[in-house]
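The values are calculated or read from the model by the stated rules, or taken from the named source; none is laboratory data. As the structure is a prediction and not an experimental result, all values here were calculated from the model. Cβ: placed from backbone, ideal geometry, glycine included. Neighbour counts: every protein chain shown.
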Amino acid sequence: MSEIIHRRPWSLNTLIFVFVFCWIIAAGFPFVWTMWGSFKVQGDFFSKADWAYAISGVRTQVETGGAFTGDGYFGAWITRSFWVAALNTMIVVVSVVIISLSLGTLGGYALARSGKKYAFYLLMLALVFRAMPHITLVSGYLLPFFEWNLWGHLPTAIIVMVAINQPFTLWMLHSFFLNIPKDLDESAMVDGCSRFQAFRHVIVPVMWPGVITTGLFSFLLAYNDFTVTATLLSQSNQTMVPKIASFLGTTQTEGNVMFAVAAVVSATAPLFVLVLFFQRQIVSGLTSGAVKG
Amino acid sequence: MFLNKITIAGAFIVLGSTAMAGCGISSGNVKILSNDFPAIQSVTAAASACSGNGVSVEANLTKDHKDIMVAALTANPAQYTSVITSNSTLVTLMNDGLVRPLDALVAKHGAGLNPSQMITVDGKIMAVAFGANAQHLFSRSDILNKAGVSSIPTTYEGVLEAAKAITSAGLMDYPVALNTKAGWNLGEEFVNMYMGTGADFFKPGTAEVAVNNDHGVATLNMLKSLVAYSNPDYLTYDSNATQAEWEAGNLALATMWGTRGGAVLDDEGSTEQVSSNTVLTGAPTWGNNARPASTLWWDGISISANISDADAEASFIAMMNGISSDVIKANNSDTVWLGVGYTPGPAQAGVSATAADGAAPYPMLPFMGTLHGALGAEISDFLQGNESAEQALADIEAAYTAAAKEKGFLQ
Amino acid sequence: MKNRTFFWFILPSLMTMILFIALPIGSIFIQSFHIEHGAVLKEVNNCGPFGCKLEVQVDVKASEQLKNDKPLGKFNGFGTYTNRNHLAVNEVSEAWEKSPTFKDFLTKTYNLPFYRALAFTLTYTFVVTPMVLLLGFGIALGVNSLPKQFKGPTIFVSLLPMIVTPLIGSLILFWMIDAEGILGSMLQWFFEDPNLSLKASPTLTWIMLIIYGIWHSAPFAFIVFYAGLQTVPMDTIEAAMIDGASRWERTRYVVLPHLVPLIVFILLIQLMDNFRVFEPIVGFSAQASATSLSWIIFNDLAGGEGSFFGSAGATSVLTILGVAVLLIPVLIRTWRDFKGKVV
């Protein structure tokens, strides 16, 4: 793409840079603000007196003696054992992504390659499934889960999230598989492969960009979910988001609110690494030239 | 003096034996579900100390306890053996018969309890209360003095006058705050204010709502006069927001929960100026009525119906340990404790005054929650000036009636 | 693809959906046609720390048998759907007959909770969805033309609005837009109005929610488009360049057609997600000015004391119907694509 960039007029280049820059500010500013504020006390970051306290740290000076404090992080990670929740989140997220994608690639591939009417109806049905607000579904599970003693465990939350995410995964992967030319797997089948072998040897190697993007969304769903995890997990199995909510509690106790802010900032750090990695995957997967629309 | 020594010695012995034999529970599972605020955290932490030696104690403290409560206790065996309830949640559980009478357990293990802690329904003890709470008036004496208001108002008419004096003296633009966030909080403000009229919410003996009357109109108008002195954002003000506003020194008169007293008076989060001039008094009355415009709430212990008797007994003993006088003494300022060992402090003065002035408890009626929901949803239109008080009350009645029919309270 | 092969490929996915989505939907559907059995009430003496009072209680024993025989409750047909808190058939027809002007009719209808929620839900959906598509496409084009070393960090920052958990994200944003917060103060300074508050007026609350919605969902459209842009066939673009097509023409006639399946996909997901808008309303404490269908469901299930399962079921079914109606144009297109597919 780089030679195209050079051929672009400078006015367009400026426009693009200004636009992307504005977007970056809009997208990143609240987060930078939060990160900065996580090293302050609540009286500064949530100051009702003057918002500039959050920058200067007036109350932080008074209450801790310095302009910055790590109390929020210490409280969250050490005192309130946020690391347990982080571990639980890791288990949940990894399982949800792997299971979702395994089921979804098989299903999405089948839907993309079948021209039968029922495949279409299935896709439609998946949409109807997806239209249901999560809160309704989850409150529907509650009683049976309690009756069968399934409530409160990580696997229960994992399988529920996989199921809730399945319609989206199917649709997205179906769209991506439609972009992979049919001749690829069909010529493999002419060569004597079974459908599954064709899928395994021809499609799997070229499907990664779509799978990674879909995986990113599964990841975000599992990572950010509140409805399912808060209602279906017991306190000892809590993942990060309900744990953060519990820092706030029903009545926000002075100081605990900053645990939540610090926890949010810590929870975003691993994503940075992940996104950088994922970005390289997408580009490298595509420049190899396997997929041409 | 001698008596005191005996009590201390006795407490010591009890404490000693607790540590030895896990609160005297031989075996059983204790699982506690509850809301999440400081007093409850102290109680569950002390109850959890009973675990070990074949006894397991687990607690789930969550803001969303109401959402899973019914399903968790309907299962057999129930997921939780004990739920920390209040006036309103106990009724929800009792509507479905999910909690058990505690008379036998109280007789056996409840020696140290005050008789007033028993919540009895139809002669049966259904819960043991440990803490009380109510909304009452917080005032800033320095601001009132500057505005020339000599005494803390005891009526809402007085609050309005004081607010007028403050604004016309140019001290503050919005001196008044109530917990008026649309939804449950706003509904609670209506309930409080309507309580002050002394009228009933329902026609006696039935589930038919009776707020669509002159008392209702007067209540709505009083709320509207008060929010006229509130920050325009008042429909988003929950108890966390009002506390923050108070600590920032932006308010002079506010109706807030008693449990906020401790946090407001301490030295964290606000200036010396604010905390040293904050005065906590009982909830005001209004309209020449004697009853304070507030509702009294209790938090208490209930034990599930769908569990084995052994687990029920273990849970009850663990919870008794959670609300023992040692716990009360160690966490004296968390709430207005109802048990033995509590010394009223300055942070709880407002709640005690409200109760002493004769405020009524929040009604323990099966359909009160349904009405509360309708109130919270329908009042904001009136406060924003979109409709008349009569229309708002008609809407409340219609919304309640439709919901109560679905619940089977009205045919 | 053979039916048999198809079946085996789709089976695991289908199983989870049937178990955890189809069955609950079925039970919710059935539940929405039932209301609870009539409660038998009795007056009893209640005592507590604050004294005794004669109060009404539910006689659990009296209706126990009935509850055990018919655990779903009393059959009510479409009663819940048509009552005042949902479609309000009687109230709307009465308003129609008695209103002197059409405006008066609209005011009366808007006073009913369901229609009020519907009004916001539809406005939100139809403003946010196209804006998200446009903004997302713009960002994707922009990021795609950045030098390679900037792409990674830019993508990460672009994803932040979607990543930071809405629970805390809204807490912080809610505070930032407060009249005393940084954004709120800046707006006051910008409009030279010291009393401007985003939380106080219904109109501003709507605008705020919509802007939040666009901000929160744009990364989704961006990342899908960005992935799509990587697969744009370079040879076609080069061919178009040789033919003398301008930059705009290349985008319009080569890039866009290539992205059509993705546009349809984003449209589908966004229409659906925006129709279910819920979290920002809770996060921004906006329910006095704006409610949505999902918010009503949430309020029925978790808003207060005890849950209204029938009510929540009815609103859920109505939400599904609403989504189905919204998606019809998209679905017709998908159907045509589907039939056009050579198998």
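Structure summary
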| read-out | value |
| --- | --- |
| Qualifying residues in the stretch A:224-248 (those that are within 13 Å of C:Leu171 (Cβ to Cβ) and more than 17 Å from the chain's Cα centre (by Cα)) - the one nearest to the other protein chains (Cβ to nearest Cβ) | A:Ala245 |
| Scope the stretch B:99-119; condition facing chain C (nearest Cβ under 9 Å) and within 22 Å of B:Ala310 (Cα to Cα); matching residues | B:Met118 |
| Selection from the stretch B:293-319 of residues that are closer than 19 Å to B:Thr44 by Cα and aliphatic (A, V, I, L, M) | B:Ile301, B:Ile303, B:Ala312, B:Ala314, B:Ile317, B:Ala318, B:Met319 |
| Odd one out for C:Gly184 among (1) more than 14 Å from chain B (Cβ to nearest Cβ); (2) in contact with an Asp or Glu (Cβ under 7 Å, 6 or more places away or on another chain) | (1) |
| Verdict on C:Leu41 being at negative phi and surrounded by 17 or more Cβ atoms within 10 Å (Cβ to Cβ) | yes |
| Which listed residue is in contact with a Pro (Cβ under 8 Å, 6 or more places away or on another chain) and more than 14 Å from chain B (Cβ to nearest Cβ), from A:Ala27, A:Ala67 | A:Ala27 |
| Residues of the stretch C:44-58 classified as surrounded by fewer than 17 Cβ atoms within 10 Å (Cβ to Cβ) and in contact with a Leu (Cβ under 7 Å, 6 or more places away or on another chain), total | 1 |
| Qualifying position, being assigned to a helix (DSSP H, G or I), facing another protein chain (nearest Cβ under 10 Å) and modelled with pLDDT under 90, among A:Ile99, A:Ile78, A:Ile55 | A:Ile55 |
| Residue count, the stretch C:183-207 (criterion: closer than 18 Å to C:Thr129 by Cβ and touching a residue at least 40 places away in the same chain (Cβ under 8 Å)) | 1 |
| Subset of the stretch C:283-302 that is under 20 Å from A:Val138 (Cβ atoms) and within 8 Å of chain B (Cβ to nearest Cβ) - its residue that is surrounded by the fewest Cβ atoms within 10 Å (Cβ to Cβ) | C:Ala302 |
| Scan of the stretch C:48-96 for residues that are over 30 Å from B:Gln117 (Cα atoms) and among the charged types (D, E, K, R), ordered by number | C:Lys67, C:Asp69, C:Lys70, C:Lys74, C:Arg84, C:Glu91, C:Glu94 |
| Exclusive hit being hydroxyl-bearing (Ser, Thr, Tyr) and free of Cβ contacts under 8 Å to residues at least 60 places away in the same chain, set B:Ser88, B:Ser139, B:Ser150 | B:Ser150 |
| Residue count, the stretch C:46-72 (criterion: at the interface with chain B (Cβ under 7 Å from one of its Cβ atoms), under 17 Å from B:Pro361 (Cβ atoms) and not in a loop (DSSP other than H, G, I, E, B)) | 6 |
| Given (1) among the basic types (Lys, Arg); (2) buried (at least 24 other Cβ atoms within 10 Å of the Cβ); (3) over 27 Å from B:Ser82 (Cβ atoms), index of the condition B:Arg260 fails | (3) |
| Residue in the stretch C:123-156 that is nearest to the other protein chains (Cβ to nearest Cβ), counting only those that are touching a residue at least 40 places away in the same chain (Cβ under 8 Å) and closer than 30 Å to B:Glu378 by Cβ | C:Thr125 |
| Test for C:Pro113: is it within 14 Å of chain B (Cβ to nearest Cβ), crowded, with 16+ Cβ neighbours inside 10 Å and of a type outside the set (Ser, Thr, Tyr) | yes |
| Pairs, first at the interface with chain C (Cβ under 8 Å from one of its Cβ atoms) in the stretch B:232-243, second outside any helix (DSSP H, G or I) and hydrophobic (A, V, I, L, M, F, W, C), C-beta under 6 Å, six or more apart | B:Pro232/C:Ala200; B:Asp233/C:Ala200; B:Leu235/B:Ala182; B:Leu235/C:Ala288 |
| Residue check for B:Ala263: outside any helix (DSSP H, G or I), touching a helix residue (DSSP H, G or I) at 6+ places or on another chain (Cβ under 8 Å) and on the phi < 0 side of the Ramachandran plot | no |
| Residue list for the stretch C:28-55, restricted to those being touching an Asp or Glu at 6+ places or on another chain (Cβ under 6 Å), in contact (Cβ under 8 Å) with a residue 12 or more places away in the chain and farther than 16 Å from B:Gln411 by Cα | C:Val44 |
| Residue satisfying condition, being touching a residue at least 60 places away in the same chain (Cβ under 8 Å), more than 25 Å from C:Ser27 (Cβ to Cβ) and surrounded by fewer than 23 Cβ atoms within 10 Å (Cβ to Cβ), within set A:Leu184, A:Leu173, A:Leu178 | A:Leu178 |
| Residue match in the stretch B:328-342 (condition: within 9 Å of another protein chain (Cβ to nearest Cβ) and in contact with a helix residue (DSSP H, G or I) (Cβ under 8 Å, 6 or more places away or on another chain)) | yes |
| Members of the stretch A:109-164 found to be facing chain C (nearest Cβ under 7 Å), aromatic (Phe, Trp, Tyr) and over 16 Å from C:Leu23 (Cβ atoms), listed by number | A:Tyr109, A:Phe120 |
| Members of the stretch C:28-44 that are facing another protein chain (nearest Cβ under 7 Å), over 22 Å from C:Thr319 (Cα atoms) and in a strand (DSSP E or B) | C:Leu41, C:Glu43, C:Val44 |
| Residue that is touching a Pro at 6+ places or on another chain (Cβ under 8 Å) and in a helix (DSSP H, G or I), where the choices are A:Leu137, A:Leu123, A:Leu87 | A:Leu137 |
| The one condition in (1) within 8 Å of another protein chain (Cβ to nearest Cβ); (2) modelled with pLDDT of 90 or more; (3) more than 23 Å from C:Ala221 (Cβ to Cβ) that A:Phe39 fails to fulfil | (1) |
| 2 or more residues under 26 Å from C:Phe308 (Cβ atoms) and out of contact with any His (no Cβ under 6 Å at 6 or more places or on another chain): qualifying helices (runs of 4 or more DSSP H) within the stretch B:69-148 | B:87-95 |
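Residue-wise test of (1) outside any helix (DSSP H, G or I); (2) within 14 Å of chain C (Cβ to nearest Cβ).
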residue: B:Gly158; (1), (2): no, no
residue: B:Lys164; (1), (2): no, no
residue: B:Leu171; (1), (2): yes, no
residue: B:Lys181; (1), (2): yes, yes
residue: B:Glu188; (1), (2): no, yes
residue: B:Thr197; (1), (2): yes, no
residue: B:His215; (1), (2): no, no
residue: B:Met222; (1), (2): no, no
residue: B:Ser225; (1), (2): no, no
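This table checks each residue for (1) in a loop (DSSP other than H, G, I, E, B); (2) modelled with pLDDT under 90; (3) small (Gly, Ala, Ser).
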| position | (1), (2), (3) |
| --- | --- |
| B:Gly269 | yes, yes, yes |
| B:Val279 | no, no, no |
| B:Ala290 | yes, no, yes |
| B:Ile317 | no, no, no |
| B:Val351 | no, no, no |
